[in-house]
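Colleague: The structure that follows is given in the form of structure tokens.
The values are calculated or read from the model by the stated rules, or taken from the named source; none is laboratory data. These numbers come from a predicted model, not from an experiment. Cβ sites come from the backbone with ideal geometry, for glycine too, and all protein chains shown count toward neighbours. Heads up: the accessible areas ignore ligands, DNA and RNA and are worked out on the full protein's heavy atoms, side chains in. Shrake-Rupley method; radii C 1.70, N 1.55, O 1.52, S 1.80 Å.
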Amino acid sequence: QVQLTESGGGVVQAGGSLRLSCAASGLSFTWYAMAWFRQVPDNRREFVASIGRDNKVDYVDTVKDRFTISRDNAENLVSLQMNNLRPEDAATYYCAANPMAAGRTVDAYNYWGQGTQVTVSS
């Protein structure tokens, strides 16, 4: 049974930093592309960043140069370092896994975590 468990969310002031982590179990982690999405109430879930099996990374333009996605295959962990946070970054952040190539759409991912809340105060 695949499980993705996010952690690291919280409340931070604008300009601050947070590091999100996603622990994966029940899958051959090295064979999975991993991604982070975020969602605010009444909005669609949107792509934030992905990292492929080959460590190729992709970011939505609004977080480039502020967020960094990384993976630790030995620990089955994917992280999202978020710097210079803005109020518009506030959302529930979800970890996702896909046994094929990384993508930017919700439909590209088979497995999802429960989410971790990020609040950014101005």
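Colleague: Any residue in the range 100-110 that is in a strand (DSSP E or B) and within 13 Å of the chain's Cα centre (by Cα)? Show your work before the answer.
Modeller: Within the range 100-110, the first condition is being in a strand (DSSP E or B), and the residues that meet it are none.
Within the range 100-110, not a single residue is in a strand (DSSP E or B) and within 13 Å of the chain's Cα centre (by Cα).
Colleague: Taking the range 32-45 as the region of interest, how many residues are more than 12 Å from the chain's Cα centre (by Cα) and either at pLDDT 95 or above or in a strand (DSSP E or B) (or both)? Full working, then the answer.
Modeller: As a first pass, look at the range 32-45 and keep what is more than 12 Å from the chain's Cα centre (by Cα): 32, 40-44.
Filter again for either at pLDDT 95 or above or in a strand (DSSP E or B) (or both), leaving 32.
Of the residues in the range 32-45, 1 are more than 12 Å from the chain's Cα centre (by Cα) and either at pLDDT 95 or above or in a strand (DSSP E or B) (or both).
Colleague: Restricting to the range 59-75, and then to whatever is open to solvent by 80 Å² or more (accessible area, probe 1.4 Å) and more than 14 Å from the chain's Cα centre (by Cα), can you tell me which residue is farthest from Pro87 (Cα to Cα)? Break it down stepwise before answering.
Modeller: Step one: list which residues in the range 59-75 are open to solvent by 80 Å² or more (accessible area, probe 1.4 Å), which gives 61, 64-65, 74-75.
Within this subset, residues satisfying the condition of being more than 14 Å from the chain's Cα centre (by Cα) are 61, 65, 74-75.
Working: Asp61: 16, Asp65: 17, Ala74: 34, Glu75: 31 Å.
Among residues in the range 59-75 that are open to solvent by 80 Å² or more (accessible area, probe 1.4 Å) and more than 14 Å from the chain's Cα centre (by Cα), the one farthest from Pro87 (Cα to Cα) is Ala74.
Colleague: Which of the residues belonging to the range 77-109 are open to solvent by 20 Å² or more (accessible area, probe 1.4 Å), modelled with pLDDT of 95 or more and more than 15 Å from Glu46 (Cα to Cα)?
Modeller: Matches in the range 77-109: Leu77, Gln81, Asn83, Asn84, Arg86, Pro87.
Colleague: Another question, then. Could you list, in sequence order, all residues of the range 34-46 that are open to solvent by less than 60 Å² (accessible area, probe 1.4 Å) and of a type in the set (S, T, N, Q)?
Modeller: If the condition is that a residue be open to solvent by less than 60 Å² (accessible area, probe 1.4 Å) and of a type in the set (S, T, N, Q), then Gln39 is the only one that fits.
Colleague: I've got another one for you. Name every residue in the range 1-18 that is under 10 Å from the mean Cα position of the chain (by Cα) and either farther than 13 Å from Ala91 by Cβ or open to solvent by 30 Å² or more (accessible area, probe 1.4 Å) (or both), in order of residue number. Quick ask: steps written out before the conclusion?
Modeller: Of all residues in the range 1-18, those under 10 Å from the mean Cα position of the chain (by Cα) come to 6.
Matches in the range 1-18: none.
Colleague: Hey, another quick one. Yes or no: Ala74 out of contact with any Leu (no Cβ under 9 Å at 6 or more places or on another chain) and either in a strand (DSSP E or B) or not basic (Lys, Arg) (or both)?
Modeller: Values: out of contact with any Leu (no Cβ under 9 Å at 6 or more places or on another chain): yes; either in a strand (DSSP E or B) or not basic (Lys, Arg) (or both): yes.
Yes.
Colleague: Would you confirm whether any residue within the range 48-58 is out of contact with any strand residue (DSSP E or B) (no Cβ under 8 Å at 6 or more places or on another chain) and among the basic types (Lys, Arg)?
Modeller: Applying the first criterion (out of contact with any strand residue (DSSP E or B) (no Cβ under 8 Å at 6 or more places or on another chain)) to the range 48-58 yields 54, 56.
Still in the running and among the basic types (Lys, Arg): 56.
Yes, the range 48-58 has at least one match.
Colleague: Run down Gly26, Gly115, Gly8, Gly15 and say which single residue is in contact with a Lys or Arg (Cβ under 6 Å, 6 or more places away or on another chain) and on the phi > 0 side of the Ramachandran plot. Can you show your working first?
Modeller: Working: Gly26 fails: in contact with a Lys or Arg (Cβ under 6 Å, 6 or more places away or on another chain); Gly115 fails: in contact with a Lys or Arg (Cβ under 6 Å, 6 or more places away or on another chain); Gly15 fails: in contact with a Lys or Arg (Cβ under 6 Å, 6 or more places away or on another chain).
Within the list Gly26, Gly115, Gly8, Gly15, the selection yields Gly8.
Colleague: Being in contact (Cβ under 8 Å) with a residue 12 or more places away in the chain and open to solvent by 60 Å² or more (accessible area, probe 1.4 Å) is the filter; apply it to the range 47-58 and report the residue that is nearest to Gln3 (Cα to Cα). Steps first, please.
Modeller: So in the range 47-58, the residues in contact (Cβ under 8 Å) with a residue 12 or more places away in the chain come out as 47-53, 55-58.
Among the residues that remain, those that are also open to solvent by 60 Å² or more (accessible area, probe 1.4 Å) are: 53, 55-57.
Details: Arg53: 18, Asn55: 21, Lys56: 23, Val57: 22 Å.
Filtering first and then ranking leaves Arg53.
Colleague: Quick one: Leu85 ticks every box in (1) closer than 23 Å to Gly15 by Cα; (2) of a type in the set (A, V, I, L, M, F, W, C); (3) part of a strand (DSSP E or B) bar one, so which box is it?
Modeller: (3)
Colleague: Could you tell me whether the range 40-55 includes any residue that is β-branched (Val, Ile, Thr) and touching a helix residue (DSSP H, G or I) at 6+ places or on another chain (Cβ under 7 Å)? Give the derivation first.
Modeller: Going through the range 40-55, the residues β-branched (Val, Ile, Thr) turn out to be 40, 48, 51.
With touching a helix residue (DSSP H, G or I) at 6+ places or on another chain (Cβ under 7 Å) added as a condition, the list becomes 48.
Yes, the range 40-55 contains at least one residue that is β-branched (Val, Ile, Thr) and touching a helix residue (DSSP H, G or I) at 6+ places or on another chain (Cβ under 7 Å).
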